[in-house]
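Everything below concerns the one structure shown next.
The values are calculated or read from the model by the stated rules, or taken from the named source; none is laboratory data. These figures come from a predicted structure and were not determined experimentally. Cβ sites come from the backbone with ideal geometry, for glycine too, and all protein chains shown count toward neighbours. For accessibility, only protein heavy atoms count, side chains too; no ligands or nucleic acids. Shrake-Rupley method; radii C 1.70, N 1.55, O 1.52, S 1.80 Å.
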Amino acid sequence: HPKDGQGVDVTFVQDATGGRSISWNGNVRFPNGIVPAVATGANGWALVYTGVYSANNAQWLGAAWKNS
């Protein structure tokens, strides 16, 4: 179980072939309902989430993503 204030980054990295896709479970929510695009090129990467755990809310708080 995560501890209060624990940080997490979720990053996806393509292999040398690329072209992999990600599907999200229906209970995963993104800011403004906009699902981040994940880079699909060879060796591409995407940081889709940065946040911290809040024990008070029992959820991960924060949002950020970047494709490269």
Worksheet, complete the sentence: Taking R0 as 30 Å and r as the Cβ-Cβ distance between Ala42 and Lys3, the FRET efficiency 1/(1 + (r/R0)^6), rounded to the nearest 0.05, comes to 0.20
Fill in: Accessible area per residue, Å², the chain with all protein chains present, probe 1.4 Å
72
Worksheet item: Want the number for Asn32 to Val13: 0.36 nm per residue separation, take away the alpha-carbon distance, what's left?
Response: 4.4 nm
Discussion item. So for region 8-65, averaging the separation of alpha carbon pairs under 8 Å that are six or more residues apart and normalising by length, what relative contact order in percent results?
Written reply: 40
Worksheet, complete the sentence: Highest GNM mean-square fluctuation among Ala55, Ala37, Ala46, for the chain with Cα springs under 10 Å, belongs to Ala55
Worksheet, complete the sentence: So the carbon and sulfur contribution to the accessible area of the chain, 1.4 Å probe, in percent, is 50
Item to complete: Return one quarter of the surface area of the convex hull spanned by the alpha-carbon atoms of the chain, equal to its mean projected area, in nm².
Response: 5.1
